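Just below is one structure, and these are the notes that go with it.
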Amino acid sequence: MNVREHHMARSRRVRAEKERVAWELKRLHEKPPLPCVVTLTRLAPSGGLDTDNLAGSMKSIRDAVADWLGVDDKDTATVRYECAQERGPWAIGISFSTWSAP
């Protein structure tokens with residue numbers, strides 16, 4: 001969130017992230033039944049981010065998952081998003097689990 005980059009560079013980066021995630025989801029996953037919990041895991045060689053920066057770093061990934069599921073990413077009654085982080089080579093993990101909505 002604190003990266004200072006030109007708005008067009010940011011736009012290209014975000015678009016590329018969303019396209020890559022969408023492609024991987026279509027290729028590797030069957031859509032889970034809704035409602036569900038989506039866990040987004042940031043893998044990085046660094047010591048990690050605080051919770052607000054972790055959530056911000058996952059924004060384009062969350063948007064791509066919501067598009068793939070066909071829901072609005074702010075619809076908390078249908079999909080709940082959780083963010084986690086682990087140490088490792090740069091990657092993003094996406095997992096789905098069932099959830100009984102209230």
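The values are calculated or read from the model by the stated rules, or taken from the named source; none is laboratory data. It should be emphasised that the depicted structure is a prediction, and the values quoted were computed from it without experimental measurement. A quick note on method: Cβ atoms are made from the backbone with ideal geometry, for glycine too, and the neighbour counts reach across all protein chains shown. These accessible areas exclude ligands, DNA and RNA; they are computed on the full protein's heavy atoms, side chains included. Shrake-Rupley method; radii C 1.70, N 1.55, O 1.52, S 1.80 Å.
Quick notes
- Exactly one residue out of Ala16, Ala66 is in a helix (DSSP H, G or I), aliphatic (A, V, I, L, M), surrounded by fewer than 16 Cβ atoms within 10 Å (Cβ to Cβ) and out of contact with any helix residue (DSSP H, G or I) (no Cβ under 8 Å at 6 or more places or on another chain), and it is Ala16.
- Of the residues making up region 34-42, at least one is more than 14 Å from Phe96 (Cα to Cα) and surrounded by 14 or more Cβ atoms within 10 Å (Cβ to Cβ).
- Yes/no for Thr78 being surrounded by 15 or more Cβ atoms within 10 Å (Cβ to Cβ), touching a strand residue (DSSP E or B) at 6+ places or on another chain (Cβ under 6 Å) and polar (S, T, N, Q): no
- For beta carbons closer than 6 Å, sequence separation of 6+ or different chains, a first residue in region 44-61 that is more than 14 Å from Gly88 (Cβ to Cβ) and of a type in the set (Ser, Thr, Tyr) and a second that is assigned to a helix (DSSP H, G or I) and open to solvent by 40 Å² or more (accessible area, probe 1.4 Å), the qualifying pairs are Ser60/Glu17; Ser60/Lys18.
- When each of Leu25, Leu54 is tested for being part of a helix (DSSP H, G or I), open to solvent by less than 70 Å² (accessible area, probe 1.4 Å) and in contact with a Phe, Trp or Tyr (Cβ under 8 Å, 6 or more places away or on another chain), the lone residue that passes is Leu25.
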